[in-house]
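Engineer: This is the structure, below, for whatever I ask next.
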Amino acid sequence: MLQRVSTFLYLRPRMVLWLMLGPPLAYMFVVYLGSLINLLVYSFFYLEEFTGLVVREFSLRTYLESVNIANREIILRTSTMAAAVTLADALIAFPLAYYIAKFASPRLKTWLIISVTIPLWSSYLVRVYAWKLILAKEGILSWFVDLLHLSPLLDWLLRLPGIGGSSLSLSPLGMFVVFTYIWLPYMIIPIQTALERVPASLIEASSDLGAHPGQTFRTVILPLAFPGVVAGSIFTFSLTLGDFIVPLSLGNSKFFIGQAVYSYQGTGGNIPLAAAMTMGPVVIMILYLLIAKRLGAFDAL
Amino acid sequence: MRSNSAPGSSASLGVKLGALGAFLFLNVPILIIFLYTLTPDETTYTFPLPGITFKWFGVAVQRADLWRALILSIQVASVATAVALILGTLAAAAVYRSSFFGREAVSFLLVLPIALPGIVTGIALRSALGTFDFPFSFWTIVIGHATFCVVVVYNNILARFRRMQGSQIEASMDLGANSFQTFRFVVLPNIATALFAGGMLAFALSFDEVIVTTFTAGQQSTLPIWIFSQLVRPRDRPVTNVVATIVILITFFPIFFAQKLTAGTSDTQGETK
Amino acid sequence: MNTLLSGAGVHSGNCEIMTNITAPALQFDQVSKYFGEVRAVDQADLDIRDGEFFSMLGPSGSGKTTCLRMIAGFERPTSGRILLHGQDVSSLPPYERNVNTVFQDYALFPHMNVEENIAYGLMVKQVPKAERLKRVEEMLELVRLAGFAKRKPSQLSGGQRQRVALARALINHPKVLLLDEPLGALDLKLRQQMQVELKALQQRVGITFIFVTHDQEEALTMSDRIALFNLGRIEQTGTPAEIYEHPATSFVAGFVGTSNLVTGDVAKRITGQEIIFSIRPEKIHLADLEAGVPQDSHSVDGVVRDVVYLGLYTRYLVELEGGGDLVVVEQNLKTTSMDVLKVKGKKVRLHWKKEHVREVGN
C-alpha cells in the first residue's frame, strides 16, 4: 500500500513539491502576510474623532497625523536614541568581535560564540529586568558609584535635561544603557562574521608592506569589517525603533515610537494610527532584507 | 612587529581589555538576578543585600497565578514548537530537494517574522484578529509564536540537508527502499539532531516571548507577560526575581544544547574540508 | 543499419533466428533527455548484452552520467524507452528496478556500520535477519572485507569504502550494476589495482556492468564494449580495439588515445588525396633523412621541436615541412634519456604504413 502511494508520488515530483510547500506557505501567507496586509490597509483608514470609531475609507489622513508635531517629536526622540544605541553598540561590539574572529583559540571561540548567541535567542525580557535591578536608585550601580566617590557626577548627569530623570532606572540615560545591552549581540555576530572573511594573508601582506598594526587595522581591517557594522546597525536601529518594553519599563512620560504604537492600539483604540507608525520600521527592514538577499548574505541570518 | 599582527598571535592589550569588557557587560547582568533571589528586602532593590534568605522560592511555589502562567507558557511553547517543526521541516525539504521559481522568496517570507521588529508582527496579528472578530484564546498565542518559530526550524534543517553527505537518498531508493522507507531509515537519522536543535531553539524562543504575546494573549497571562506586568508596576519584587531565574534556566539549557549541537557539526565539517 | 538487417531477418521468415534472440540486458530506444532547453541526451540507441562489461566514455557534460541516472531511475527520459531484459522500465521508480548503483562518492550511510550498510537492500525488503547476516558475511568475503562488519564508514579508507559500496549493491543480485566513476576518488596505484579487481569480480558474478568514466585508459583496459559520448550523442559503440583502431569520427580519434589528425594541404601532400585522416602516434616511425621508406608507407620530413622522455617511451613533437605537426611516440627499447634528448632540433623523416591511416568524417 505504502509502496503504491510512494510510487504514485515519486512519479509526480511537482505534486510532492506542492504537498510539502503547501502547508508552510499557506500558513505564512494566510496568517502572517495576511495580517501584514490587513495592517497596511488599516493604515489608510482613519479614526472618527467624535465617535472614536474606525472609518473604513481610503485616506492619507492617518499618515499626516502620524507626522504631526507631537508625533514628530516622538519620532525624533526615538531616532536619536536608536542612533546613539547603534553607535555605542558598534564601539563595544568591535573589540569582542575582533577578538573572537582573529585571536581566540578554537575552544575559547566556541564558548565565546555561545555566550554571545544565548542572549541573542533568549531572555529578552529577563535581561531588561536585570537592569531594573542594577539601575535602581538604591541598586548595585549606585552603590558602586558611591564606592568610587562619583555620586556627584551621577547626580549631575541625571539633572541634565533630555537624558536625566529621577533615577537611572527612570531616565533616557538608563534606557540608553539597557538598549545598548539588549541589542549588543545583534551587532557582535555580523561584525564577527565579516571579520572571519578577512583572509589572514591580507593582514600579513599589509604588515609585510611595512604597515604598523594600527595602520593595518585602519586601512585593512576596518574597511573590510564595515559591511558587518552596517548589517548590525540595521538590527540595532530597527529593533530600538520598534521596542516598547524598555520605554515602558524604564522610561518617563516622554513617549517612544513603539510605546506610542502600543498605547494607540491599546488604550487609544486607534489601530489606523498605530499601523501607520509601524510602517516606517517595516519599510526600512524590508529594504534592508532585499539588499541583504541581493548580496547573498541571506543564509547566514 | 610582524609577529604582532600575524594571525594566531595574541591580541594587543587594548583589544583584550575591550573584548573582556564587552563580554562582562553581556553576561554579568544576568547573574545579578540570581543574587537578588536571596534578598530579604521586599520593597526595594537595595545593594548590598541586607541579608540572605531562601524563603522566596517557597513563596513563589505557593502562588497559583504563577503556576497557571508557567503551565500556559509551557503548553504554548510545546504546541508552537510542534507546529514549527512540521511546517519548518516541510519547507526545508521542499527548498532542498527541488529548485523552483520563487525558492528565494520562501526563505524571505519565513525570515520576515524574526527580521521585522516584534511589534509589527504583534500589531498586525492583533489588527487581523480585530478585523475578523476572532476572540483571544490559547490558539491565538500559539499562532503568533509559530510564525517566528518556523524559521528557526527551517534554517536548522535546511543547513543540515545541505551538509548531508553524498547521494544517500538516491542510494536508498536504488537499494529498493520506497520514499517512506527512505525517510524513515536515511533522512530522519540524518536530520535528527537538527530537528532536536531547531525544536529546542523554537521552544526557548516561544517560552520567553513577550512582545507578540502582549498583542495576542488578551487577558491570558504567560510567564513573560506576568514578569512584564511586574516590570511596569512592581508588586511582588522578590517573587519576580525567582520567576526571572526560572525563565533563565528553562530557556538557557535548550539553547545551550542546540548551540553545542550545531556548533559541533560545523566544527567537524571544518575538519574534513 | 541494424534495424535494416534485423528487418531483413524477419522478412526471410527465419524463425530460428527469432528464438535465438534473447532480449538484451539493457536497451535504449531513441532515448532523449532535456533539462529545460539543454539537450543532455539526444536520441540515444544502445544495446547492452547480458553479462557484458560495458563502458560509457566521454568528457564531462557529454550525457553519459545522465544516461546512467536514467537507467537507475533517478531521471526519467523526456522521450524514448529504456528496456531492461525486454521490460519497459522508463517510468518505474528506482526501487522497483532490479538495477543497483555504485555511486561516485559511494553514498554510504554514515549513521550505519558496514554490516547495516550492506544489508540495507535486504532490510527494506524484509528479508529475515538470519539470512541477511549470512549473505552479508558472503559479501564481505567476496570483497575481502571480512572482519570489518562493525566499522563505521568514516573509519574506512577510500578503497575499503568503495568495496562496501560494491558489496551493498551486489547483495541484491541486480540484473545490471551501474558504476558511476567509482575509481575517480582513488589514487593512481589503488585505481589500477581496483581496475583489475573489478574486472575479475565482474567475471565471477556474471552480472552486466555498466561503467561510466571519462578516463579512456580505464575504459579501454576493462571493457568488453564502449560507447563514446559527446554533446549528448553517442559517437561510436564498439569493442576497445574497434574504437581505438577504427575511430568513426574525428572526435573519437581525438578523445581515445592521442591521435594525429591531418587535414588540408598537408594531408593532400602526404596521401595525394583530398582527405582528412588520423594516424596514431605509436604507428609512426622516426628515421634519419637518409633512411629508406618501406613499401606501402607514407612519409614526410620535419624538424623535432620537442622531446619528452616518459620512461618507458618518449614523445616527440615534429614540425612538418610546409606547416602542421605530428606527435610521435617511440618505445625506449635501447635508447636512454641522453640519446633521445639529443634528437631535439634535428631534421627527421617520418613514415608509417598506409594501413594504419584512418580516414575520418568531417
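Engineer: Check every DSSP H run in chain B and write down those whose alpha carbon atoms cover 15 angstrom or more along the long axis and whose mean Kyte-Doolittle hydropathy is 1.6 or greater. Display every interim value, and only then the final one.
Structural biologist: Working: long enough: B:13-36 (34 Å, 2.04); B:64-97 (49 Å, 1.46); B:103-115 (19 Å, 1.56); B:118-131 (20 Å, 1.18); B:138-163 (37 Å, 0.97); B:188-207 (27 Å, 1.58); B:237-272 (52 Å, 0.65).
Sorted by number, the helices that extend far enough and score high enough are B:13-36.
Engineer: Using Cα positions and a limit of under 12 Å, work out the aspartates and glutamates in reach of C:Lys342, with same-chain residues fewer than 8 apart set aside.
Structural biologist: C:Asp306
Engineer: Okay, next question. Loop sites only, by DSSP: take the chymotrypsin sites (Phe, Trp or Tyr not before Pro) in chain A that have at most 16 other C-beta atoms within 10 Å and name the longest stretch containing none of them. Each step should come with its number before you reach the end.
Structural biologist: Numbers: sites that count: A:Phe50, A:Phe58, A:Phe298.
It runs A:59-297.
Engineer: Let me ask another. When the dipole is taken about the Cα centre of segment C:281-359, and only Lys, Arg (+1) and Asp, Glu (-1) are charged at their Cβ, what size is it in debye, to the nearest 20?
Structural biologist: The calculation lands at about 200 debye.
Engineer: Given H placed on each backbone N at 1.01 Å, which residues far from C:Thr78 in sequence or on other chains put an amide H within less than 5 Å of it?
Structural biologist: Placed amide hydrogens put C:Ser32, C:Lys33, C:Tyr34 under 5 Å from C:Thr78.
Engineer: Let me ask something additional. What per residue convex hull volume, in Å³, comes out for segment A:64-162 when only alpha-carbon positions are used?
Structural biologist: It comes to 178 Å³ per residue, whole-number rounded.
Engineer: Between A:Val30 and C:Val38, how many nm apart are label points set 7 Å from Cα along the C-beta direction?
Structural biologist: Modelled inter-label distance: 3.9 nm.
Engineer: Taking every residue in B:107-113, how many Cβ atoms of other protein chains lie within 10 Å of its Cβ, on average?
Structural biologist: 5
Engineer: Would any residue of segment C:113-131 have its amide N under 14 Å from a label point 7 Å out along Cα→Cβ of C:Glu138? List them or say none.
Structural biologist: C:119, C:122, C:128, C:130-131
Engineer: Could you tell me whether segment C:281-359 comes out rounded, prolate or oblate from its Cα gyration tensor? Rule is a ≥ b ≥ c as square roots of the eigenvalues, rounded for a/c under 1.5, then prolate if a/b exceeds b/c, otherwise oblate.
Structural biologist: prolate
Engineer: Okay, moving on. Name the trypsin sites (Lys or Arg not before Pro) in segment C:262-354 that are in a loop by DSSP and that have at most 15 other C-beta atoms within 10 Å, would you?
Structural biologist: Filter output for segment C:262-354: C:Lys334, C:Lys344, C:Lys346.
Engineer: Would you give the gap between the C-alpha center of segment C:196-214 and the C-alpha center of segment A:148-202, rounded to a whole Å?
Structural biologist: 70 Å
Engineer: What lysines sit close enough to C:Lys353 to cross-link, taking a C-alpha to C-alpha distance under 24 Å and skipping anything fewer than 8 places away on the same chain?
Structural biologist: C:Lys268, C:Lys283, C:Lys334
Engineer: Considering every residue in C:89-99, what mean count of other chain Cβ atoms within 10 Å of its Cβ is obtained?
Structural biologist: Mean shielding count: 5.
Engineer: Also, quick follow-up: I'd like the distance separating the alpha-carbon centroids of segment A:77-98 and segment C:227-288, in whole Å.
Structural biologist: Cα centres, segment A:77-98 to segment C:227-288: 71 Å.
Engineer: Which is the longest stretch in chain A that no exposed loop site breaks, taking sites as GluC sites (Glu not before Pro) with a DSSP loop state and at most 10 other Cβ atoms within 10 Å?
Structural biologist: My reading of the result: A:58-301 is the longest stretch.
Engineer: While we're on this one: Could you name the lysines whose alpha carbon sits less than 23 Å from that of C:Lys129, not counting residues in the same chain fewer than 8 places away?
Structural biologist: C:Lys150, C:Lys152
Engineer: Putting +1 on Lys and Arg Cβ atoms and -1 on Asp and Glu Cβ atoms, find which of B:Leu231, B:Gly218, A:Phe144 reaches farthest to the positive end of the dipole of the protein assembly as shown.
Structural biologist: Working it through, the farthest residue towards the positive pole turns out to be A:Phe144.
Engineer: Hey, with R₀ at 41 Å, roughly what FRET efficiency would C:His111 and C:Ser90 work out to, going by the Cβ-Cβ distance, to 0.05?
Structural biologist: Step by step, r from the Cβ atoms, then E = 0.80.
Engineer: On each of the three principal axes of the Cα atoms of chain B, give max minus min coordinate, whole Å, ordered largest first.
Structural biologist: Sorted largest first, the three principal extents are 70, 70, 32 Å.
Engineer: To the nearest 0.05, what FRET efficiency results for C:Gln30 and B:Arg184 with a Förster distance of 51 Å applied to their C-beta separation? Walk me through the numbers before you get to the answer.
Structural biologist: On the way: r = 38 Å, r/R0 = 0.75.
Result of the calculation: an efficiency of 0.85.
Engineer: Still on this structure, please answer the following. Report the extension gain between A:Val5 and A:Leu290 in nm, rounded to one decimal, defined as 0.36 nm multiplied by the number of residues separating them, less their alpha carbon distance.
Structural biologist: Stretched out fully, the A:Val5 to A:Leu290 stretch lengthens by 98.6 nm.
Engineer: Would you be so kind as to identify all helices of chain A, as entire DSSP H runs, whose Cα atoms reach 20 Å or more along the helix's own axis and whose mean Kyte-Doolittle hydropathy is at least 1.0?
Structural biologist: What comes out of the filter, once short or polar helices are dropped, is A:172-196, A:222-242, A:271-294.
Engineer: A further question on this structure: Please give, to one decimal in nm, the separation of the simple spin-label points placed at C:Gln193 and B:Arg235, each 7 Å out from Cα toward the Cβ.
Structural biologist: Once both label points are built, they end up 8.0 nm from each other.
Engineer: Now a separate question. Cut-off 10 angstrom, C-alpha nodes, Gaussian network model of chain C. Which of C:Glu290, C:Glu274, C:Glu181 fluctuates the most?
Structural biologist: Result: C:Glu290 has the largest fluctuation of those listed.
Engineer: What is the spin-label model distance, in nm, from B:Leu17 to B:Gln219 if the labels are put 7 Å beyond Cα along the C-beta direction?
Structural biologist: Rounded to a tenth, the inter-label distance reads 5.8 nm.
Engineer: Oh, and also: Out of residues 5 or more away from C:Thr101 or on other chains, whose amide H comes under 5 Å of its own, with H placed 1.01 Å from N in the peptide plane?
Structural biologist: C:Leu178
Engineer: Return the single residue from B:Leu24, B:Leu70, B:Leu188 with maximal mean-square fluctuation; model: Gaussian network over chain B, springs between Cα atoms under 10 Å.
Structural biologist: Most flexible of the set in this elastic network: B:Leu24.
Engineer: Return the single residue from A:Gln215, A:Gln259, A:Gln192 with maximal mean-square fluctuation; model: Gaussian network over chain A, springs between Cα atoms under 10 Å.
Structural biologist: A:Gln215
Engineer: Given the -39500 (n - 2.57) contribution per DSSP H run of 4+ residues, what per-residue ellipticity at 222 nm results for chain A, rounded to the nearest 500 deg cm²/dmol? Can you show the working numbers first?
Structural biologist: On the way: 16 runs with 217 residues, N = 301.
It comes out at -23000 deg cm²/dmol, rounded to the nearest 500.
Engineer: Here's another thing I want to ask about it. Tell me the GluC sites (Glu not before Pro) within segment C:307-362 that lie in a loop according to DSSP and have at most 14 other beta-carbon atoms within 10 Å.
Structural biologist: Of the GluC sites (Glu not before Pro), the ones in loops of segment C:307-362 whose Cβ has at most 14 other Cβ atoms within 10 Å are C:Glu321.
Engineer: Would you mind giving the mean number of other chain beta-carbons within 10 Å of the Cβ of each residue in A:176-186, as a whole number?
Structural biologist: 1
Any read-out appearing in this document is the output of simple, stated calculations on the displayed coordinates, not a laboratory observation. Computed from a predicted structure; not experimentally measured. Please note: Cβ atoms are built from the backbone with ideal geometry, for glycine as well, and neighbour counts cover all protein chains shown.
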